[in-house]
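Undergrad: This is the structure I want to talk about, given as structure tokens.
Values in this text are rule-based calculations from the coordinates and carry no lab data. On a predicted model such as this, the values are computed, not experimentally measured, just so you know. Reconstructed Cβ throughout: ideal geometry from the backbone, glycine too, with neighbour counts over all protein chains shown.
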Amino acid sequence: MPRHIKLGLIFFGLVLVLGISYYYNLQKRVGRLVRPPQEPSQPYLVDKPVFSETAPLKKVRVFLPSKSKDGLLEPEEREIHSSDQVSAEAKQIIAELIAGSKEGRGAAIPPETKLREIFISGEALAVVDLTKEVSANHPGGLIQEVSSIYAIVNSLTENLPSIRRVQILVEGAEAETLAGHIDLSKPLRQDLSMTSFHNSKGIREEVIDDTSFREAPGK
């Protein structure tokens with residue numbers, strides 16, 4: 001084969017390889033540009049609540065740390081989908097807590113937290129299973145820990161009459177505390193003494209002295 005033909009074939013091959021490489025790189029770049037936006041992170045890790053999107057909405061009140069940062073919890077109105085399953089409504093309420101305030105209040109639960117599951121027993125007990133971020137990312141401090149725990153307890157018991165006690169789990173297991181102070185080994189009942197329904201001394205004089213609030217064993 002004449003030398004000039006060989007050189008022509010080699011040149012053609014190089015052009016072909018470069019062209020294919022450019023085409024695939026261009027496809028990747030275009031794909032990144034037109035890629036649809038990702039959905040926002042969901043608060044549920046598994047088993048999303050079962051409800052119909054056409055189900056009527058109902059108003060609920062979730063409790064969040066007050067704007068004044070005085071240790072009190074303030075109610076904030078939200079809407080959830082009605083459901084025949086108490087657990088479905090409970091999951092939506094916890095999701096609203098994780099989402100945080102829409103009115104400038106503090107965060108009750110670290111926003112990285114996911115809801116693993118909620119179980120409802122026949123003894124008016126709700127077992128709320130959260131991921132480790134609820135503890136690992138908690139800011140700490142007695143007042144903040146009380147606020148986190150009772151934001152969960154009060155939000156569920158205030159809106160769902162069939163729930164009277166709440167047990168908090170972390171990663172599917174019993175947790176001694178969230179941040180080193182409050183014993184979570186037993187279910188907790190509603191306590192509105194640290195909400196804005198009561199005066200500001202409630203959390204410091206009534207709640208901390210109450211026997212349901214005690215340091216975890218070994219703390």
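Undergrad: Starting from 0.36 nm per residue, how many nanometres of slack lie between S121 and K102 once their C-alpha separation is accounted for? If you can, show how the numbers build up before the last one.
TA: Values: separation 19, 0.36 × 19 = 6.84 nm, distance 3.16 nm.
Gain in length upon complete extension: 3.7 nm.
Undergrad: Turning to a different aspect of this structure: Applying the Karplus parametrisation 6.51 cos²θ - 1.76 cosθ + 1.60 with θ = phi - 60° to the phi angles of the stretch 66-73, what ³J(HN,Hα) value in whole Hz is obtained for each residue in order, glycine and proline being reported as x?
TA: With coefficients 6.51, -1.76 and 1.60, one gets 5, 5, 7, 6, 9, x, 8, 9 Hz.
Undergrad: While we're looking at this one, here's another question. Could you sort the peptides 70-77, 133-140, 152-159, 99-106 by per-residue average Cβ neighbour count (10 Å cutoff), highest mean leading? Before the final figure, lay out the partial values.
TA: Details: 70-77: 19.0, 133-140: 16.1, 152-159: 23.5, 99-106: 14.2.
Per-residue Cβ counts within 10 Å, averaged per peptide and sorted highest first, yield 152-159, 70-77, 133-140, 99-106.
Undergrad: Beyond a 25 Å Cα-Cα separation, which of these cross-linked pairs lie in this structure: K59/K186; K91/K132; K91/K186; K58/K186; K58/K102; K59/K132? Mind dumping the intermediate values first?
TA: Working: K59/K186 29 Å; K91/K132 17 Å; K91/K186 21 Å; K58/K186 30 Å; K58/K102 18 Å; K59/K132 29 Å.
Violating the 25 Å limit, Cα to Cα: K59/K186; K58/K186; K59/K132.
Undergrad: With each label point set 7 Å from Cα along the Cα-Cβ vector, what nm distance links K58 and E176?
TA: Using points 7 Å along Cα→Cβ, the separation is 3.9 nm.
Undergrad: Taking θ as phi - 60°, what are the ³J(HN,Hα) couplings along the stretch 129-134 by the Karplus curve (6.51, -1.76, 1.60), each to the nearest whole Hz, with x for Gly and Pro?
TA: 9, 10, 6, 4, 4, 4
Undergrad: Now for a separate question. Rounded if a/c is under 1.5, else prolate if a/b is larger than b/c, else oblate: which is the stretch 57-207, with a ≥ b ≥ c the root eigenvalues of its Cα gyration tensor?
TA: Working: a/c = 1.37, a/b = 1.14, b/c = 1.20.
Judged from the Cα gyration tensor, the stretch 57-207 comes out rounded (a/c under 1.5).
Undergrad: Then there is this: Taking R0 as 41 Å, what's the FRET efficiency between D84 and K132 from their Cβ-Cβ distance, rounded to 0.05?
TA: Working: r = 32 Å, r/R0 = 0.77.
Efficiency, from the Cβ-Cβ distance: 0.80.
Undergrad: Same structure again: Skipping prolines and chain starts, which residues have an amide H placed within reach, meaning under 5 Å, of the one on L130, given they are 5 or more residues away or on another chain?
TA: Here R116, L169, V170, E171, G172 satisfy the definition.
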